[in-house]
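The values are calculated or read from the model by the stated rules, or taken from the named source; none is laboratory data. Since we're looking at a predicted model, the values are computed, not measured. Cβ coordinates were reconstructed from backbone atoms using ideal geometry, including for glycine residues, and neighbour counts include every protein chain displayed. Heads up: the accessible areas ignore ligands, DNA and RNA and are worked out on the full protein's heavy atoms, side chains in. Shrake-Rupley method; radii C 1.70, N 1.55, O 1.52, S 1.80 Å.
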Amino acid sequence: MNKNKVFKTAGIYIYLVPATVLMGVGIFIPIINVFINSLYKCNAVGKRLEFVGFQNFIKLFQSDLFLQVMRQTLIWTVSMVVIATFIALIAALVLDRRFPGRATARIFIFLPWGISFVFTSIIWKLMYDQFYGHVNGFLTFIFQRQVNIPWLGSAQTAFPALIWVGIFLTIPFTTIMILSGLQSIPQEILEAANIDGAGPFQRFLHVIFPLLKPVLVVATIINVIYIFNSFPIIWILTVGGPANLTDTITTYIYKLAFSYLDMGSAAALSVIGCIILMSFSFLFVILTSKEVF
Amino acid sequence: MKSVSTNVFKLTGYIFIVLLVVIMFFPYFIALITSFKSLPEIYTSPPTWIPEEFHFKNYAEMFRALPIGKSLFNSLIIATGSSLLALFCAIPAGYVLSRFTFPGRRIFMYTVLMIVMFSPVVIIISLFGLMNKYRLLDTFIALIIPNAALTLSFCIWMSIAFFSSIPESLEEAAMIDGCSRFVALVRIILPISLPGIASIIVFSFVRAWNEFLMANTLLSSHEKFPATVAFYFFVGYRGTLWHYMCGSILVAAVPTAVLFLFIQKWLVSGLTMGAIK
């Protein structure tokens, strides 16, 4: 890379001004604003009224819903990431080989990625409908008797139903990432293993998997961070219900702010969410900046 | 020589992929067939898999029944504004970051990388408060700025990658002939980095097109809603016009999905750059 020129005039910094201004206005100022607001009592539009220190945080931690929401967020994150990565790994391994129809398969598997979570969730809302939905329709066909599970309305099934949609939407990206990781494994290593008599399982365990670990770690971190973007899935399918059983940090912040009008707790939870987000982003930076700089 | 276990392996893998493809495509297949059904047929239990009659005119009717065209147009405004703003900020930044070292370069790069994966959910209340304070609530600007900012990081990343692949000799040759660096950038480098520019525009555009949270929070006039929010509102609890909804989802989603598929190569190489040895 061309790193050797040091440009002495200030002209160069001008090229960075638009980007800096945009990031400042669009991201950093709002972040600082929410951190400060979390220490104040605020009105419904976020205007600071009086300094209350950590009261907002204490109030938040003491609410019953907080622990429930954190627990649900954890379950949501872990199950989504683990299951999606597992499926994506197998898919990538198969897609790495040539077979007829491979290009078409790739297109279909990657399809949900470019489509908004909103649009896909709306379709799933229809599919999960108790009477007119296709999930029940399919099960009715399989079991040859009327199946009318209220997927989105029942306490037991709502969360798994949403998690499945989340997994569905995470598989495409994870598959692409693992696939590109697989494709960068040098052929010679695999061939050497073949010559040494390793069967497909052993090849995978001792050669492929160790080399894939960096990619898997990065993909996992990206997926965890991306959980924060799953607001539309929950909002459209169950609005965090029934009875807050499908609320995660994302929807709970929104409800605290705009439904319960508890701006203080909303700010506190936003700060917590921000810290979690930044921690994982930091991990991401550490892991990916080795080669780049 | 292929052993039996290898063949069984391959067959299982193949079956797995076929199943996965079917599952991935299933919702969109459902949307497709539902868009051709009549409303009474949709509200039958259990649902039919092939429409009894193909009501192709649903696609024309839906634009009259619901303000779908308007919402798509709103999406277009927001997405275009965001992508152009992101482009305008990312290109110069990527250019100098790829060509020079200077004090602060490292910090800048690290900062950019830190917010690549940022999510608006943790600042949505700030955005609401700030936009309210500056009387920007219910405007398109209020959406264009944050959308552009959120995609900027990745756009700068892509921009650096693209400029790095263009040799410096090109603008040096132009500058020897007397033009300034800026003119060299605009006249010579930009025309040949069109694939990079296209990727940046498409990425930012699709992200803004698909965005829901900020649009839902920062807009209040129904006639300003982009497709994502508008469709959310059209879905009531009973009486949803599913045939129109499915049709409009396909109209709204398919073009951007196709665009996105074209550029996914560059996106993934950017994200995996550091992870792969």
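See the values below:
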| quantity | calculated |
| --- | --- |
| Cβ charges +1 (Lys, Arg) and -1 (Asp, Glu), total dipole of chain A, debye | 460 |
| Integer Hz, Karplus 6.51/-1.76/1.60 couplings in order for the stretch A:128-138, x for Gly and Pro | 8, 4, 4, 10, 9, x, 7, 5, 5, x, 5 |
| Residues whose placed amide H lies under 5 Å from that of A:VAL147, excluding near-sequence neighbours | A:THR140 |
| Residue-by-residue Karplus 3J(HN,Hα) for the stretch A:68-82, coefficients 6.51, -1.76, 1.60, Hz, glycine and proline x | 4, 5, 5, 5, 5, 4, 5, 4, 4, 4, 4, 5, 5, 5, 5 |
| Sparse-neighbour loop sites [chymotrypsin sites (Phe, Trp or Tyr not before Pro); the stretch B:22-94; at most 15 other C-beta within 10 Å; DSSP] | B:TRP49, B:PHE54, B:PHE56 |
| Chain pair A, B: total accessible area buried, heavy atoms, 1.4 Å probe, Å² | 10200 |
| Nearest-10 value in Å² for the accessible area of A:HIS206, using the 1.4 Å probe | 140 |
| For chain B, accessible area per residue (1.4 Å probe, heavy atoms of protein chains only), Å² | 43 |
| Residue among B:PRO195, B:PRO47, B:PRO226 with the largest mean-square fluctuation in a Gaussian network model of chain B, springs linking Cα atoms under 10 Å | B:PRO47 |
| In Å², nearest 10: area of A:LEU211 left accessible to a 1.4 Å probe | 70 |
| 3J(HN,Hα) from dihedral phi, the stretch B:210-222, Karplus parametrisation 6.51/-1.76/1.60, rounded to Hz, x for glycine, proline | 8, 6, 10, 4, 5, 4, 5, 7, 8, 10, 10, 6, 4 |
| Length-normalised contact order of the stretch A:127-220 in % [C-alpha pairs under 8 Å, at least 6 apart] | 19 |
| Cα centroid of the stretch A:107-172 to Cα centroid of the stretch B:1-68, whole Å | 12 |
| Over chain B: helical MRE at 222 nm, DSSP H runs n ≥ 4 each giving -39500 (n - 2.57), nearest 500 | -23000 deg cm²/dmol |
| Check: the stretch A:77-229 dipole with +1 on Lys, Arg Cβ and -1 on Asp, Glu Cβ, in debye | 240 |
| The stretch A:22-117: trypsin sites (Lys or Arg not before Pro) falling in loop per DSSP and having at most 14 other Cβ within 10 Å | A:LYS47, A:ARG97, A:ARG98 |
| B:VAL22 - accessible surface, heavy atoms, 1.4 Å probe, Å² rounded to 10 | 80 |
| Solvent-accessible ranking of B:THR101, A:THR288, largest area first, probe 1.4 Å | B:THR101, A:THR288 |
| Selection of chymotrypsin sites (Phe, Trp or Tyr not before Pro), the stretch B:210-240, meeting DSSP coil and at most 10 other Cβ within 10 Å | B:TYR237 |
| Cα-centred dipole magnitude for chain B, charges only on beta-carbon of K, R (+1) and D, E (-1), debye, nearest 20 | 460 |
| The protein assembly as shown, accessible surface, carbon-and-sulfur percent (1.4 angstrom probe) | 70 |
| Residues whose placed amide H lies under 5 Å from that of A:TYR40, excluding near-sequence neighbours | A:VAL52 |
| Highest-MSF residue in chain A out of A:ASN56, A:ASN194, A:ASN33 [GNM, Cα springs under 10 Å] | A:ASN194 |
| Residue with peak Gaussian network fluctuation, chain B [Cα springs, cutoff 10 Å], from B:THR44, B:THR217, B:THR240 | B:THR44 |
